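The values are calculated or read from the model by the stated rules, or taken from the named source; none is laboratory data. Everything quoted here is computed from the prediction, not taken from an experiment. Don't worry about glycine lacking a Cβ; one is built from the backbone with ideal geometry, like all the others, and counts go over all protein chains shown.
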Amino acid sequence: MTTLAADREIEHLMTLHPKGFDLSLDRIARLLERLGNPQDRLPPVIHIAGTNGKGSCAAFSRALLEAAGHLVHVHTSPHLVNWHERYRLAAEGGGKLVDDDVFAEAIARVAKANQGQKITVFEILTAVTFILFSEHPAEAAIIEVGLGGRFDATNVISRPAVSVIMPVSMDHEAYLGDRVELIAAEKAGIMKRGCPVVIGAQESETALEVLIETAERLDCPTVVYGQDFLAFEENGRMVYQDEDGLMDLPLPRLPGRHQFANAAAAIAAVKAAGFEISHRAAEKAMTSTTWPARMQKLTQGRLVELAPKGAEIWLDGGHNPGAGVVIAEALAEQEEKNPRPLILIAGMINTKDQTGYFSAFKGLARHVYTVPVSKSDAGVPNDELALCATEAGLSAEPVNSVADALMLLRDSWDGPAPRILIGGSLYFAGAVLDENGTPPT
């Protein structure tokens, strides 16, 4: 793969600055001041935090706004294959990933302004977001939180058009706390006094209470899933309901029942941000939303060609117990419609609850192949990961790669064509898309 100019800039930064997260706003605030505070010159911002569903909400929000004819910037993280995926700049007919030369120039400018002071690469890249989004015209900017909320580098936005908190569950405990209410408090840190807040579907009553209490304390106009808006399936359609009435919409293009709540949160967020969404625009958005590595069906590519004939292959980067549950539910829905034996090919990193993730698939998955995660230093060795799957009550064996797993399956398979889920980590999902030759665009 050709090394792009922006990649070279980032690789250089990686040699200068520590890897990982160092949650604080002091360094990013200092840097942004040197750059003229571009974060204060953005179009209306939809700022999204949460443990699961952030990316889907961002994708639905983008589709809704673009279907309504608006120019939209989108910042998401992490990327799957290329750093450029984090920055989608507004364009007529739909946003486009940032051009390499524009991206590289912005990185170099931000790095120069930092003057070699202590900072993380994520903070530099967040400053790049604000530079790019302030210098290219748009009518809205969708910005996904990187980690947590309160001390995430994106949280220098003083007056978001709306703050969105998607489902909160256990993840990143080393940084955010070991109880769901502590994690919820960190996510709630993106709420700003008097600015609208949308609270998506919460599995935890405790988390919901923390989020509502914070919004009330800050006098934020607040809409809550299940109370002020909701979505449900009726006659093969998705019905969205809020105080303005009902919208009868097509089922979301992103598979899984959990996407109803994600789509609903996006509709509520876009409306709370002050944009009008017609029924026609909402219909178009439900059928056009795309979000790579979130229950993405792989139908072609180098890896797909290695699978058993007729196999159905899904890719999902969900990596914690909460994500495991919604992925398992989505696959159980597929099983009801079209029964097939389910095989898992999993790679995970060591900061996650691997056994908790696998537990969601007990009674559903026939077998698990565990593989190393090539794109992360924190990958769990495949033999250790197989033990985690076994502890969760699954049949498992370690293999060296996804390609090996697919070929082993192809050569030994005897029965109806299987349904294969490849997942367990966004790093892993990115490596799979790269190896398959189908990177996000």
Flagged in segment 235-267 as more than 25 Å from the chain's Cα centre (by Cα) and of a type in the set (A, V, I, L, M), in numbering order, are Leu246, Met247
(1) within 24 Å of Val325 (Cβ to Cβ); (2) free of Cβ contacts under 8 Å to residues at least 40 places away in the same chain; (3) assigned by TED's automatic domain parsing to the domain that holds Arg340 all hold for Glu312 apart from (2)
Residue count, segment 51-81, condition among the polar types (S, T, N, Q), at pLDDT 95 or above and not in a helix (DSSP H, G or I), comes to 1
Note on Lys337: of the conditions (1) surrounded by fewer than 24 Cβ atoms within 10 Å (Cβ to Cβ); (2) touching a residue at least 24 places away in the same chain (Cβ under 8 Å); (3) outside the structural domain of Ala58 (by TED's automatic domain parsing); (4) closer than 28 Å to Ala231 by Cα, unmet is (2)
The lone condition Phe275 fails out of (1) aromatic (Phe, Trp, Tyr); (2) in a loop (DSSP other than H, G, I, E, B); (3) surrounded by fewer than 16 Cβ atoms within 10 Å (Cβ to Cβ) is (3)
Those residues of segment 405-440 that are among the acidic types (Asp, Glu) and surrounded by fewer than 16 Cβ atoms within 10 Å (Cβ to Cβ) come to a total of 2
Checked Ala201, Ala263, Ala231 against criteria (part of a loop (DSSP other than H, G, I, E, B), closer than 30 Å to Ile313 by Cβ and either modelled with pLDDT of 95 or more or touching a helix residue (DSSP H, G or I) at 6+ places or on another chain (Cβ under 9 Å) (or both)); the one match is Ala201
Kindly indicate whether any position in segment 346-353 is modelled with pLDDT of 95 or more and of a type in the set (A, V, I, L, M, F, W, C).
yes
The condition of being assigned to a loop (DSSP other than H, G, I, E, B), surrounded by 22 or more Cβ atoms within 10 Å (Cβ to Cβ) and in contact with an Asp or Glu (Cβ under 8 Å, 6 or more places away or on another chain) holds, among Pro167, Pro160, only for Pro167
Residue count, segment 126-154, condition assigned to a helix (DSSP H, G or I) and either small (Gly, Ala, Ser) or modelled with pLDDT under 95 (or both), comes to 2
Residue check: is Trp291 under 22 Å from Glu139 (Cβ atoms) and of a type outside the set (Val, Ile, Thr)?
yes
